[in-house]
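Structure record follows, encoded as structure tokens.
Please treat every number below as a calculation from the coordinates, not as lab data. Keep in mind that what you see is a predicted model, and the values were worked out from it rather than measured. Note that each Cβ is placed from the backbone with ideal geometry, even for glycine, and that neighbours are counted across all protein chains shown.
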Amino acid sequence: MKLIGLNRGEVKRLFKEGKVTIAVYGLGKMGLPLAAVFADHGANVIGVDISEKVVEMVNRGENHVKEEPGLSELVKKNVGAGRLRATTDGVWAAKQADVMVILVPTLTDERGNLKLDPVYDVAKKIAKGLEKGDIVITEATMPPGTTESLIPILEEGGLKLGDFGLAHAPERTMTGTAIRDITGQYPKIVGASDEKTLEAVIGIYETINKKGVISMSSIKAAEAVKVFEGVYRDVNIALANELALWCEEHGLDALEVFKAANTQPYCHLHMPGAGVGGHCIPLYPWFVINLAKKTNPRLVKTAREINDSMPHHVVELTIKGLNEAGRPLKGSNILVLGLTFRGGVKEFMKSPAIPIIRELKEWGAKVHAYDPLCTKEDAERFGAEWKEDFKDVDALVIVTDHREFKNLKLDEIAKKVRTKVIIDGRNVLDAKKAEELGFVYLRVGKV
Ligand SMILES: NC(=O)c1ccc[n+]([C@@H]2O[C@H](COP(=O)([O-])OP(=O)(O)OC[C@H]3O[C@@H](n4cnc5c(N)ncnc54)[C@H](O)[C@@H]3O)[C@@H](O)[C@H]2O)c1
């Protein structure tokens, strides 16, 4: 059922009655949860992916995004009920669907330079199946202006914008909390090409999101919301890191100061740490920087510089800690704990572990690594030797806030290591306990 021209109430009713067909392009960490949630609220959902393996798994009712709580049950239930199926045929899916959602990767290099090939590929397929009254929604994170750059491609099928609607509704979530977030942790942000499309898209997201929808005046404004959320985090983490370095210079414990300062409602000092990784926070500032023609986003650039310098600072702390324990870094056994960019997620993009291992090796240290989500091969790819015990270690360097590291048994570790030094790059350990056991314990913001 085509939705343009209907009010949000009618859209919600038709959605729940199973009369709306939605094609979700990209069945990855974000796309599969979204497809399953749409289906669970009554829509007839076709998931599209270039990976035959993913498509086959979904059609068997299996979830391949194992780290997403609740997703396996949701996929099984909705495939079983006939509301969710998958295909590799994006043109066929577009012909069946009334709404097409693009949630494929928006690939960038480390400076946010985009490779939008997957998005363009999907847009070309949609163009071949686009019908009057259809709505195309981008959910993938995009530099402002990108969704509208798809208009000429979508019009290649012969229709003009206005015959079909276009909208942007950014994913405001992350791996591990996707279902919770999609269904109502935060309101959905929506911008559309015209009022009628906006009304219909509001109806779609109000059906699945208990927190409702914030409608924006344009597609570009909706794109900017998601990008600015990431920039806010990056700049504020940089501020926390800068103040943490200042605290180190002045013999203060940054966490103690931040905690007290944050009891005032206008102060939200973030957590300082070993660096900012992932596909989102360190990259979105580059969207802003790269698109600035007349303005000069100095603060955003400086924040990037500060956060990118933190892995080097962790190496400096390692040298300092070892020196306090009477050892040089050269020839010492360093155990890096954590290869992924954040706890609980196996993602390596811009992980601080990469530069930390590289620099420690340049200084002549013997670098070992362990990560509960990784393999020996992952460590070797990073240039470190896999090590699952603490024997003969001279310094533990914690780079990732995995749950397992918060529960390290320091009393047992103290008996196994050769030198008692801990560099806590994620503030996960109890400083007092470490010091009582005789460790030299340093963390970002407390030396
Ligand atoms: N992962 C996150 O935490 C997160 C959070 C918010 C936003 N996002 C955004 O969501 C988008 C998708 O990210 P993700 O994490 O789900 O990616 P992902 O890598 O987990 O999954 C992407 C899926 O798209 C498929 N795909 C690639 N090219 C395709 C094509 N041309 N046609 C059809 N399918 C194709 C892949 O096979 C894969 O299954 C990105 O724009 C990302 O920035 C991700």
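Net charge near Lys124, counting Lys/Arg +1 and Asp/Glu -1 over other residues with Cβ under 13 Å of its Cβ? Don't skip to the end; give the middle numbers.
Details: positive: Lys125, Lys128; negative: Asp117, Asp121, Glu155, Glu156.
Overall, the nearby charge balance is -2.
A straight line joining the Cα centroids of the range 239-285 and the range 139-212 runs 33 Å.
Is the shape of the range 301-443 rounded, prolate or oblate, going by the alpha carbon gyration tensor and its root eigenvalues a ≥ b ≥ c, with a/c under 1.5 for rounded and a/b larger than b/c for prolate? Rounded shape, in that the Cα axes give a/c under 1.5.
Out of the DSSP beta bridges found with both residues in the chain, what percent are antiparallel (nearest 5)? Could the numbers behind the result be given before it?
Values: 6 of 49 bridges.
That works out to approximately 10 percent antiparallel.
Evaluating 6.51 cos²θ - 1.76 cosθ + 1.60 at θ = phi - 60° for every residue in the range 377-387, the Karplus couplings come out as 5, 4, 4, 5, 4, 7, x, 10, 8, 5, 8 Hz, glycine and proline recorded as x. Shape call for the range 231-325 from the C-alpha gyration tensor, a ≥ b ≥ c root eigenvalues: rounded (a/c under 1.5), prolate (a/b greater than b/c) or oblate? Oblate, because a/c is 1.5 or more while a/b does not exceed b/c.
Mind scanning Lys12/Lys160; Lys77/Lys406; Lys77/Lys376 and naming the pairs with a C-alpha gap bigger than 29 Å? Each step should come with its number before you reach the end.
Working: Lys12/Lys160 26 Å; Lys77/Lys406 35 Å; Lys77/Lys376 36 Å.
Pairs exceeding 29 Å: Lys77/Lys406; Lys77/Lys376.
Working note: Karplus 6.51/-1.76/1.60 with θ = phi - 60° gives the range 260-268 the couplings 5, 4, 6, 6, 8, x, 9, 10, 10 Hz, where Gly and Pro are set to x.
Fully extending the segment from Lys376 to Asn113 would add 91.6 nm, taking 0.36 nm per residue of separation and subtracting the current Cα-Cα distance. The aspartates and glutamates whose alpha-carbon is closer than 14 Å to the alpha-carbon of Lys53, local same-chain residues fewer than 8 away aside, are Glu62, Asp89.
Using a simple spin-label model with pseudo-atoms 7 Å out from Cα toward Cβ, Leu252 and Ser149 lie 4.3 nm apart.
GNM on the chain, alpha-carbon springs under 10 angstrom: the most fluctuating residue among Val257, Val99, Val213 is Val257.
Residue-wise HN-Hα couplings along the range 426-431, as the Karplus relation 6.51 cos²θ - 1.76 cosθ + 1.60 with θ = phi - 60° gives them from phi, are 10, 6, 9, 9, 7, 4 Hz; Gly and Pro carry x. For Lys330, the lysines whose Cα comes closer than 20 Å to its Cα, not counting residues fewer than 8 places off in the same chain, are Lys320, Lys361, Lys366, Lys387, Lys391, Lys420. Note on the chain: dipole from Cβ charges, positive end direction compared against Ala414, Val55, Pro144; the farthest Cα belongs to Val55. Comparing Cα centroids, the range 357-382 and the range 28-54 end up 36 angstrom apart. Secondary structure note: in the range 301-443, about 5% of the DSSP beta bridges are antiparallel.
Within the shell defined by Cβ-Cβ distances under 12 Å, the residues around Ala292 carry a net charge of +4, with Lys and Arg each +1 and Asp and Glu each -1.
Can you give the FRET efficiency to the nearest 0.05 for Thr21 and Thr88, using r as the Cβ-Cβ distance and R₀ = 22 Å?
Working: r = 18 Å, r/R0 = 0.80.
So the FRET efficiency works out to roughly 0.80.
Taking each DSSP H run with n ≥ 4 as -39500 (n - 2.57) and averaging over every residue of the chain yields -12000 deg cm²/dmol at 222 nm.
Taking a ≥ b ≥ c as the square roots of the eigenvalues of the Cα gyration tensor of the range 96-190, is the shape rounded (a/c under 1.5), prolate (a/b larger than b/c) or oblate? Can you show the working numbers first?
On the way: a/c = 2.19, a/b = 1.34, b/c = 1.63.
It comes out oblate by the Cα gyration axes.
Over the range 301-443, what relative contact order in percent results from Cα pairs under 8 Å that are six or more residues apart? It comes to 25 percent, rounded to a whole number. Return one number: the angle in degrees, 0 to 90 and rounded to the nearest 10, between the long axis of the Cα atoms of helix 71-80 and the longest principal axis of the Cα atoms of the chain. Its long axis makes an angle of about 20 degrees. Within the range 8-217, DSSP assigns beta bridges of which about 15% are antiparallel (rounded to the nearest 5).
Assuming R0 = 41 Å, what is the FRET efficiency of Ala260 and Glu67, from their Cβ-Cβ distance, to the nearest 0.05? All intermediate terms of the calculation are to be shown ahead of the outcome.
Numbers: r = 35 Å, r/R0 = 0.86.
For Ala260 and Glu67, the calculated efficiency is 0.70.
When the charge dipole of the chain is built from unit charges on Cβ atoms (+1 for Lys and Arg, -1 for Asp and Glu) and taken about the Cα centre, the candidate among Leu322, Pro352, Val201 whose Cα reaches farthest toward its positive end is Val201.
This model, with +1 at the C-beta of Lys and Arg and -1 at the C-beta of Asp and Glu, gives the chain a dipole about its Cα centre of some 420 debye. For the chain, modelled as a GNM whose springs connect Cα atoms under 10 angstrom apart, the maximal fluctuation among Ser218, Ser193, Ser51 occurs at Ser51. Here the extension length gained between Arg180 and His268 equals 29.3 nm, from 0.36 nm per residue of separation less the Cα-Cα distance. Between Arg60 and Trp363, the simple spin-label model (points 7 angstrom out along Cα→Cβ) gives 4.8 nm.
Working out 0.36 nm times the residue gap between Lys211 and Lys77, then minus their Cα-Cα distance, what length gain in nm do you get to one decimal?
Between Lys211 and Lys77, full extension yields 45.8 nm more.
Taken about its Cα centre, the range 8-217 carries a charge dipole of about 580 debye when Lys and Arg each add +1 at the Cβ and Asp and Glu each add -1 at the Cβ.
Relative to the compact globular guide of 2.2 N^0.38 Å, what is the alpha carbon radius of gyration of the chain, as a ratio?
Numbers: Rg = 24.4 Å, N = 447, 2.2 N^0.38 = 22.4 Å.
Here the answer is 1.09, to two decimals.
A Förster distance of 22 Å, applied to the separation of the beta-carbon atoms of Lys95 and Ser51, puts the FRET efficiency at 0.55.
Might you report the magnitude of the Cβ-based charge dipole of the range 368-447 about its Cα centre, with Lys and Arg at +1 and Asp and Glu at -1, to the nearest 20 debye? Intermediate results must be reported in sequence, preceding the final value.
Working: 16 positive and 17 negative charges, 62 e Å.
Computed charge dipole of the range 368-447: roughly 300 debye.
Axis angle, to the nearest 10 degrees, between helix 117-129 and the longest C-alpha principal axis of the chain: 10 degrees.
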